[in-house]
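Please read the structure below before turning to the comments.
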Amino acid sequence: MAAGADVRDILELAGGDNDGPISKKDFINSEKKKAKKTTETLTFKRPEGMHREVYALLYSDKNRDAPPLLPSDTTQGYRTVKAKLGCKRVRPWKWMPFTNPARRDGAVFHHWRRMAEEGKDYPFARFNKAVQVPVYSEQEYQMYLHDDGWTKAETDHLFDLCKRFDLRFIVVHDRYDHQQYRKRSTEDLKERYYNICGKLTKVRAATGTEPKMYVFDAGHERRRKEQLERLFNRTPDQVAEEEYLMQELRKMESRKKDREKKAQDLQKLITAADTNTEMRRAERKATKKKLPLKREMEKPTVPETAGIKFPDFKSAGVTLRSQRMKLPSSVGQKKIKAIDQILTEREVDLNPMPTEEIVQMFNELRSDLVLVYELKQAHGNCEYEQQMLRHRYEALLKAGGGGGIPVVPPGGGGLEAPGGPEMPAWPGPDDIKGEAKEQIIDVVGAPLTPNSRKRRESASSSSSIKKVKKP
């Protein structure tokens with residue numbers, strides 16, 4: 001008697017773990033198991049040197065169907081619909097003559113056309129649009145259209161050309177008879193034509209209505225063409241000079257904006273200092289029994305630029321009081337370093353115990369330090385500009401000693417011009433100190449180079465920190 005393994009081998013059934021007795025299901029589902037076995041064991045390995053994306057186009061585990069070799073389009077989309085050839089009778093075509101209504105020479109042409117359309121008008125004749133050129137009579141010309149610079153024959157010639165060439169004035173100017181009539185430009189022809197059209201429209205309009213009139217500005221058109229010709233005939237040197245002037249203009253505008261911004265910042269700092277002073281005076285007069293919340297509500301509103309504006313934590317969740325001492329991101333690194341340096345030298349703890357009173361006073365202290373830092377920096381900039389203006393003024397006085405600029409005598413007084421009366425005294429360096437201090441916001445010297453500007457800012461910041469260090 002044959003064993004179970006021999007029977008499975010003869011019937012090509014799957015062996016392995018199921019080595020028990022053969023059942024009825026093994027004979028019924030033998031074909032399905034054979035197909036499943038062949039599909040599972042069929043694997044392909046990616047060849048060496050072939051990219052993974054290219055191999056995925058040829059073969060994939062999930063989709064073993066090969067990609068299409070020809071493009072297939074199941075939807076019509078914007079493509080032309082293919083002709084549906086059926087078993088119906090084909091409509092006959094005929095080689096027949098036709099004429100174009102746009103031509104006046106009676107030319108006859110031939111083309112293929114369906115028999116059912118024989119005798120119909122040319123289908124493209126509807127695109128023939130002609131311009132309606134007005135026609136005037138002899139009486140209208142003598143009463144309204146007469147012009148000393150134009151004769152009637154010349155005007156008739158102009159309107160005939162406009163009607164022939166559909167108001168293409170470049171072609172009209174080219175076909176104009178300059179030998180028989182005066183030499184006219186394109187602007188002269190346009191001006192004459194539109195003036196006549198406007199007068200005829202106004203005369204022929206019904207009473208009580210305002211007709212739409214076309215106005216042609218010949219002077220503007222001439223100036224435009226002349227300017228365009230000048231622009232086209234510029235030399236490379238003129239183009240480079242214009243670009244240079246435009247760059248200088250942009251620089252001047254940027255300097256003006258910087259000057260205005262500096263003046264506004266300085267005014268805001270002065271206003272903030274005055275507001276803080278008034279706030280301190282009001283707090284000193286207030287009693288100590290008032291709650292901190294009520295005292296904060298009674299504080300005057302401080303501008304945003306006054307020192308540091310700490311964020312208000314009014315969220316519903318739990319927050320730490322120490323978060324209120326965290327400096328906002330709007331404060332720069334230079335200001336943070338300056339604050340830490342001053343607090344360290346004054347032996348003030350950088351992270352004190354965050355009680356309600358200490359947090360409020362510590363934030364006010366750092367805000368005042370930032371305000372003093374900004375004021376010192378602005379004051380240093382103003383002093384530098386004042387000194388630069390003083391040196392420039394002294395240099396102008398020295399340079400004008402031997403020329404046409406009057407010289408101040410050692411003893412002061414008026415100026416003496418050769419062969420003339422005494423002139424008013426030239427102000428000295430000491431006389432302009434007060435004016436320079438008053439006008440320090442509006443007066444700005446020559447533009448500085450980037451290196452000199454950086455040196456000035458670093459020097460002013462270091463000097464401001466040193467001045468704050470002194471007791």
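The values are calculated or read from the model by the stated rules, or taken from the named source; none is laboratory data. Predicted, not measured: the structure shown is a model, and the values here were computed from it. Methodologically, a virtual Cβ is constructed for each residue, glycine included, from the backbone with ideal geometry; neighbour enumeration extends over all protein chains shown. Calculation scope for accessible area: heavy atoms of the full protein, side chains included, ligands and nucleic acids excluded. Shrake-Rupley method; radii C 1.70, N 1.55, O 1.52, S 1.80 Å.
Considering each of Lys120, Lys163 in turn, give the residue that is open to solvent by 100 Å² or more (accessible area, probe 1.4 Å) and part of a loop (DSSP other than H, G, I, E, B).
Lys120
Going by the structure shown, is Lys335 surrounded by 13 or more Cβ atoms within 10 Å (Cβ to Cβ), at pLDDT below 85 and part of a helix (DSSP H, G or I)?
Answer is yes for this residue.
Take Glu221 and tell me if it is touching an Asp or Glu at 6+ places or on another chain (Cβ under 7 Å) and of a type in the set (D, E, K, R).
yes
Looking at (1) in a loop (DSSP other than H, G, I, E, B); (2) at pLDDT 70 or above; (3) farther than 30 Å from Arg204 by Cα; (4) open to solvent by less than 100 Å² (accessible area, probe 1.4 Å), find the lone condition where Tyr136 falls short.
Status for Tyr136: all satisfied but (3).
For Ala125, state whether it is surrounded by 11 or more Cβ atoms within 10 Å (Cβ to Cβ), modelled with pLDDT under 90 and not in a loop (DSSP other than H, G, I, E, B).
So Ala125 fits the description; yes.
Among the listed residues Lys262, Lys256, which satisfies the condition of being touching a residue at least 60 places away in the same chain (Cβ under 8 Å) and open to solvent by 100 Å² or more (accessible area, probe 1.4 Å)?
Being touching a residue at least 60 places away in the same chain (Cβ under 8 Å) and open to solvent by 100 Å² or more (accessible area, probe 1.4 Å) holds for just one of Lys262, Lys256, which is Lys262.
Take the conditions exposed (fewer than 10 other Cβ atoms within 10 Å of the Cβ) and among the aromatic types (Phe, Trp, Tyr) and apply them to Phe169. Does it pass?
no
Are any residues in region 213-232 closer than 17 Å to Val133 by Cβ and not aromatic (Phe, Trp, Tyr), and if so, which ones?
Within region 213-232, just Met213 meets the criteria.
Is it true that Arg126 is in contact with a strand residue (DSSP E or B) (Cβ under 6 Å, 6 or more places away or on another chain), free of Cβ contacts under 8 Å to residues at least 40 places away in the same chain and of a type outside the set (Gly, Ala, Ser)?
So Arg126 does not fit the description; no.
Considering (1) at pLDDT 85 or above; (2) of a type outside the set (Phe, Trp, Tyr); (3) surrounded by fewer than 17 Cβ atoms within 10 Å (Cβ to Cβ), say which one Leu389 fails and leave the rest.
(3)
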